[in-house]
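The values are calculated or read from the model by the stated rules, or taken from the named source; none is laboratory data. Remember, predicted model here, so these are calculated numbers, not experimental data. Please note: Cβ atoms are built from the backbone with ideal geometry, for glycine as well, and neighbour counts cover all protein chains shown.
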Amino acid sequence: MKPVGSSVFPFAFALLLSFPWATAAHTHENFLQCLTLSFGNSSSISEVIYTPSNSSYSSVLQFSIQNPRFSTPATPKPLVIVTPSHVSHIQAAVNCSRTHGMQVRVRSGGHDYEGLSYVSDVPFVLIDLIDLRSISVDANNSMAWVQSGATIGEVYYRIAEKSRTLGFPGGIATTLGIGGHFSGGGYGTMLRKYGRASDNIIDAQLVDVAQLTLT
């Protein structure tokens with residue numbers, strides 16, 4: 001198969017940082033209040049914020065966990081799960097985390113058997129990019145734009161919908177999240193001829209948290 005874009009393939013990847021954890025008990029509530037003020041619309045925040053008191057919290061957390069080791073009651077759980085549907089939600093979550101000393105874990109919709117993107121030894125916030133998973137394939141120009149929450153399997157499927165001859169040199173594990181796969185290099189069976197997945201990226205959108213000022 002010929003790779004999309006003659007071995008070029010852009011994607012949207014959110015660059016997120018981790019910050020020191022504050023031990024004060026009220027940090028959690030301050031963080032949620034910060035998000036509420038940042039979002040402005042109370043109905044909007046209820047659609048992307050999940051706490052242990054929310055009935056959907058467990059299902060959202062467990063959705064992409066495929067290693068039973070991290071599904072036990074003893075596994076550390078995030079105090080808050082944020083499922084951004086817009087770049088501004090990511091900016092708000094990161095800035096509020098920084099302001100109130102919260103540590104951040106970022107999950108890109110994939111399986112992550114090591115649990116590095118959704119487990120921490122200290123209290124933390126999970127930013128899950130599962131709702132940022134759009135895939136736009138331009139078969140005529142052999143290029144595509146993919147958001148971080150999409151999986152490798154979804155990318156392959158969307159390419160196949162557009163063309164019977166185009167492909168992409170990614171991994172063989174279809175449940176891998178694009179954000180984690182690409183940032184880790186992206187090794188696959190087409191490596192020798194077309195290189196790693198990351199070698200075929202021509203552009204990326206990074207989230208600049210400095211664009212959002214909180215008061």
## Note on the structure
Condition set under 9 Å from the mean Cα position of the chain (by Cα) and within 21 Å of residue 59 (Cβ to Cβ), scope the range 124-147, selection surrounded by the most Cβ atoms within 10 Å (Cβ to Cβ): answer is 129
### Message
Give all pairs with beta carbons closer than 6 Å in which a residue from the range 76-95 that is closer than 19 Å to residue 53 by Cβ meets a residue that is assigned to a helix (DSSP H, G or I); count only pairs at least 6 apart in sequence or on separate chains.
### Response
79/28; 81/60; 82/93
### Message
Based on this model, can you work out whether residue 120 counts as loosely packed, with under 15 Cβ neighbours inside 10 Å and of a type in the set (S, T, N, Q)?
### Response
no
### Task
Report whether or not residue 182 is outside the structural domain of residue 127 (by TED's automatic domain parsing), over 13 Å from the mean Cα position of the chain (by Cα), aromatic (Phe, Trp, Tyr) and surrounded by 21 or more Cβ atoms within 10 Å (Cβ to Cβ).
no
### Query
Can you tell which of 189, 151 is farther than 24 Å from residue 83 by Cβ, among the β-branched types (Val, Ile, Thr) and not assigned by TED's automatic domain parsing to the domain that holds residue 109?
189
## Note on the structure
With criteria (1) assigned by TED's automatic domain parsing to the domain that holds residue 188; (2) assigned to a helix (DSSP H, G or I); (3) under 30 Å from residue 31 (Cα atoms), residue 98 comes up short on (1)
### Whichever residue in the range 106-123 is at pLDDT 90 or above and of a type in the set (A, V, I, L, M, F, W, C) and, among such residues, is nearest to the chain's Cα centre (by Cα)
106
### Message
Among the listed residues 211, 205, identify the single one that is at pLDDT below 90, surrounded by fewer than 15 Cβ atoms within 10 Å (Cβ to Cβ), under 25 Å from residue 85 (Cα atoms) and under 20 Å from the mean Cα position of the chain (by Cα).
### Response
211
### Task
From 185, 177, 171, 167, grab the single residue that is of a type in the set (Gly, Ala, Ser) and more than 15 Å from residue 146 (Cβ to Cβ).
185
